[in-house]
Amino acid sequence: MFPVLVEDDIVIIKKQEDFETGDIVVAIINGDEATIKKGKKTDSSILLQPFNTNHETLVFTNEEMKSTPVTIVGIVKQLKREF
């Protein structure tokens with residue numbers, strides 16, 4: 001079961017610069033684009049997998065993490081939604 005994020009949801013984030021494979025990651029890409037995706041690490045890259053299958057997985061090598069840049073803000077700990 002994957003979380004479904006909809007407009008006006010509130011996520012509680014634990015601020016940290018690193019993550020474990022499988023964590024739901026908050027990342028800033030290119031300095032101004034925030035995204036929430038499932039994170040996966042390899043020795044040479046990170047993969048940010050969307051929950052929406054209409055979008056493709058983002059893959060960044062360690063070099064691209066610096067040059068793009070990609071910054072890990074933290075991991076999602078809780079989702080809140082008002083009905």
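A short reminder: the numbers here are calculations on the coordinates, not readings from a lab. Keep in mind that this is a model prediction, so the values were computed, not measured. Glycine also receives a Cβ, built like all others from the backbone with ideal geometry; neighbour counts cover every protein chain displayed.
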inquiry  = Quick check on my filter: what residues within the range 63-83 are surrounded by 13 or more Cβ atoms within 10 Å (Cβ to Cβ), of a type outside the set (A, V, I, L, M) and without any contact (Cβ under 8 Å) to a residue 24 or more places away in the chain?
reply    = Glu64
ask   = Would the range 40-51 turn up any residue that is under 13 Å from Phe19 (Cα atoms), surrounded by fewer than 14 Cβ atoms within 10 Å (Cβ to Cβ) and free of Cβ contacts under 8 Å to residues at least 60 places away in the same chain?
value = yes
request  = Sort out which residues of the range 28-47 are among the β-branched types (Val, Ile, Thr) and part of a strand (DSSP E or B), and write them in order of number.
outcome  = Ile28, Ile29, Thr35, Ile36, Ile46
query = Any idea which residue in the range 52-62 is nearest to Val6 (Cα to Cα), counting only those that are under 13 Å from the mean Cα position of the chain (by Cα) and surrounded by 13 or more Cβ atoms within 10 Å (Cβ to Cβ)?
reply = Leu58
